[in-house]
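We did not get these values from a lab; they are worked out from the coordinates using the rules stated. It should be emphasised that the depicted structure is a prediction, and the values quoted were computed from it without experimental measurement. Cβ coordinates were reconstructed from backbone atoms using ideal geometry, including for glycine residues, and neighbour counts include every protein chain displayed.
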Amino acid sequence: MVNQAIIALAVSIGLLAQLPYAREALRLGRTQDDALYAAFTRGYALPAAEPVESAEIVTEFRRAVLIVHERALLGEFGFTERDLNVAMTPHLGAVTFIVQARLNPMHTYAKPPAYELYISTGPDTPPLAGRETKRDPVYALGPMGSPLIAVRVEVTIPRMKIDAAPRPELILTDEHANVLWRTAIDLSRFR
């Protein structure tokens, strides 16, 4: 009985603890200044090179801003720091990488190819992979049955593992494990 009371108290204290960046995320997510929001979003872009069309990083802070912005677009302006804290709980300590890669137009795909996204940690350490890799198809504009022109690959990795890596690099490979693109990752650049 006493143990249950202690656990309940610990959980309630944990729920009451606010994210240190919650107020700023609420302010930025609710902004009506489109240029400010666009500049904030551009700051999380990673350098892209063929075949990668776009690459971005979603840190805890950026995810909090994205959640607030989404709620604001839906007209839910009563979203509070506590609501944000609850919404962020599954994402604490995680960094998401999203890469969109153009596919060879000479190939036809019925479903997105098995491209992989992972973090190379250095020559003498094992790579970091997310628990799951999400692959979404990107189709050409036009009528139903338009061809698959790109694949959007998303992976989430614990930040502390990336921070512990000696030389982290984000790497995209194709279905044959050929490296298609790579870029160095410096999480100190991102909030």
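Largest GNM mean-square fluctuation among Gly122, Gly75, Gly93, using the chain with Cα springs under 10 Å: Gly75. Summing Lys, Arg as +1 and Asp, Glu as -1, what charge do residues with Cβ under 13 Å from the Cβ of Gln18 carry, Gln18 excluded? So the surrounding residues net to -1.
Could you compute the net charge surrounding Pro112? Neighbours are other residues with a C-beta less than 9 Å from the C-beta of Pro112; K and R count +1, D and E count -1.
Summing Lys and Arg as +1 and Asp and Glu as -1 gives +2.
Only helices reaching 18 angstrom along their own axis (Cα) with mean Kyte-Doolittle hydropathy no lower than 0.5 count here, and for the DSSP H runs of the chain these are 2-16.
Here Glu169, Glu70 are placed in order of increasing Cβ neighbour count within 10 Å, fewest first, which gives Glu70, Glu169. Taking Cα centroids, how far is region 62-119 from region 132-191 in Å? Cα centroid of region 62-119 versus Cα centroid of region 132-191: 12 Å apart. Please state the relative contact order of the chain as a whole percent: Cα pairs under 8 Å, 6+ residues apart? Dividing the mean separation by the residue count of the chain yields 20 percent.
How charged is the neighbourhood of Tyr139? Take every other residue with its Cβ under 13 Å from the Cβ of Tyr139, and add Lys/Arg as +1 and Asp/Glu as -1.
Spelling it out: positives minus negatives among the neighbours equals +2.
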